[in-house]
Amino acid sequence: MKKVALITGITGQDGTYLAELLSDKGYSVIGVTRDVKAAGGKLSFLKFELTLVEWDFLSQDAIVEIVRQYRPSEVYNLAAFSTGSGMFDNPVEIAEVNGIAVTKLLEAIRTVDDKVRFCQASSREIFGEALTSPQSELTSAQPRSPYGAAKLYADSMIRIYRERYNVFACSAILFNHESPRRGEGFVTKKITHTAAKIKLGLTNELLLGNLDTARDWGFAGDTVNAMWLMLQHNQPDDYIVSTGKTHTVRQFCEYAFGYLGLNYQDYVREDVSSYRPSETAILVGDASKVKSRLNWSPKVNFNELVQMMVDADIQSLLEKNIR
């Protein structure tokens with residue numbers, strides 16, 4: 001009998017990679033979305049059968065009914081407002097989607113079938129003003145945005161449901177992870193997409209904030225594999241998922257442009273008004289727990305990730321121009 005996995009946030013970068021991974025492993029995949037018609041269009045590139053279900057994250061009854069009807073063995077909650085420029089927009093809605101909706105999912109699992117295994121996509125943003133580096137599962141959480149605060153609330157509820165109700169629930173504390181499917185509101189995609197446009201003669205400048213900002217960048221496909229491994233283990237727990245290595249925005253630019261035979265210094269301009277406040281400690285994850293306990297390690301390195309994104313953007317732009 002096929003395992004059934006339910007994924008919220010199915011149309012996002014992580015949702016598509018996770019859906020592909022689970023389908024390859026023989027799961028029936030149920031994608032939960034606010035708009036089935038729109039989601040179907042976004043996911044048309046996926047080459048396997050996928051069931052899409054509309055949901056209302058504000059309705060506890062609707063969430064319970066979905067869990068009852070499809071009887072998943074695993075639930076992955078990837079639905080959330082994303083990071084980047086939107087971390088302070090609509091703080092009430094961020095609290096509802098990134099925080100309270102997680103409690104509703106946990107309660108639906110407890111009510112319908114407490115044997116369902118649950119994985120929450122948490123975030124390095126829970127650490128906010130980290131005072132120490134690298135950050136581990138034991139690092140003090142001090143979020144500095146509504147986004148980070150909502151994610152921390154969700155993590156807290158996961159621990160409560162795990163300890164009080166014996167629900168198999170895990171938080172995957174994800175550091176930055178990118179891919180060719182990354183949305184254009186993120187600096188990595190902005191860099192690779194603009195570098196590709198410059199190479200093709202479609203633009204001639206890229207305006208960015210602080211080029212010396214450092215991030216722990218991994219590949220989204222590796223990240224979702226770690227989430228799957230969490231639900232195959234015999235005990236639920238919380239895990240940092242990261243590469244443990246940092247690169248600056250400047251290095252990202254240097255490699256993306258250099259891969260195309262360009263010198264980033266000829267095209268990239270710093271916009272002082274876009275600078276984020278300086279960070280107390282470098283945001284880099286200590287993934288030793290997920291590596292030792294789940295035998296996980298990233299397969300795609302930084303250079304391969306940048307190349308993958310640049311190649312995809314070149315291909316996409318060429319196809320658009322041909323049409």
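The values are calculated or read from the model by the stated rules, or taken from the named source; none is laboratory data. As the structure is a computational prediction, the values presented were derived from the model and not from experiment. Here the Cβ is made from the backbone with ideal geometry for all residues, glycine too, and neighbour counts use every protein chain on show.
Descriptive notes on the structure:
- Residues that are hydrophobic (A, V, I, L, M, F, W, C) and closer than 27 Å to residue 90 by Cα, drawn from the stretch 137-170: 141, 149, 150, 152, 154, 157, 158, 160, 170
- For the stretch 202-289, the strands (runs of 3 or more DSSP E) that sit wholly inside it and include 1 or more residues that are surrounded by fewer than 16 Cβ atoms within 10 Å (Cβ to Cβ) are 206-208, 268-270.
- Condition check for residue 252: at pLDDT 95 or above and over 17 Å from residue 18 (Cα atoms): yes
- Residue check for residue 110: part of a helix (DSSP H, G or I), assigned by TED's automatic domain parsing to the domain that holds residue 65 and either surrounded by fewer than 16 Cβ atoms within 10 Å (Cβ to Cβ) or of a type in the set (Asp, Glu) (or both): no
- Filtered residues of the stretch 135-167 (kept if among the basic types (Lys, Arg) and assigned to a loop (DSSP other than H, G, I, E, B)): 144
- Residue among 161, 153 that is of a type in the set (Ser, Thr, Tyr), farther than 29 Å from residue 321 by Cβ, in contact with a Lys or Arg (Cβ under 7 Å, 6 or more places away or on another chain) and touching a residue at least 24 places away in the same chain (Cβ under 8 Å): 161
- Within the stretch 3-24, the presence of at least one residue that is among the small types (Gly, Ala, Ser) and in contact with a Pro (Cβ under 7 Å, 6 or more places away or on another chain) is confirmed.
- Restricting the stretch 87-105 to residues that are crowded, with 21+ Cβ neighbours inside 10 Å and among the small types (Gly, Ala, Ser), the residue that is nearest to residue 66 (Cα to Cα): 101
- Strands (runs of 3 or more DSSP E) contained entirely in the stretch 18-102, each with at least 2 residues that are of a type outside the set (Ser, Thr, Tyr) and out of contact with any helix residue (DSSP H, G or I) (no Cβ under 8 Å at 6 or more places or on another chain): none
- Selected residue [in contact with a Leu (Cβ under 9 Å, 6 or more places away or on another chain), closer than 30 Å to residue 26 by Cβ, of a type outside the set (Gly, Ala, Ser) and surrounded by fewer than 18 Cβ atoms within 10 Å (Cβ to Cβ)] from 165, 161, 76: 165
- Residues considered: 190, 245, 199. Of these, the only one that is farther than 24 Å from residue 74 by Cα, of a type in the set (Lys, Arg) and free of Cβ contacts under 8 Å to residues at least 24 places away in the same chain is 190.
- All positions within the stretch 1-30 that are over 21 Å from residue 222 (Cβ atoms) and either surrounded by fewer than 19 Cβ atoms within 10 Å (Cβ to Cβ) or of a type in the set (Gly, Ala, Ser) (or both): 1, 2, 3, 4, 28
- In the stretch 29-58, the residues that are farther than 18 Å from residue 2 by Cβ and outside the structural domain of residue 105 (by TED's automatic domain parsing) never reach a residue that is small (Gly, Ala, Ser) and surrounded by fewer than 18 Cβ atoms within 10 Å (Cβ to Cβ) with C-beta atoms less than 8 angstrom apart, at least six apart or across chains.
- Pairs with Cβ under 8 Å, 6+ apart, first in the stretch 266-284 and modelled with pLDDT under 95, second in a loop (DSSP other than H, G, I, E, B) and among the aliphatic types (A, V, I, L, M): 270/211; 279/130; 280/130; 280/131; 281/130; 281/131; 283/130
- Screening the candidates 81, 118 for the property of being within 21 Å of residue 12 (Cβ to Cβ), modelled with pLDDT under 95 and of a type in the set (Phe, Trp, Tyr) yields one hit, 81.
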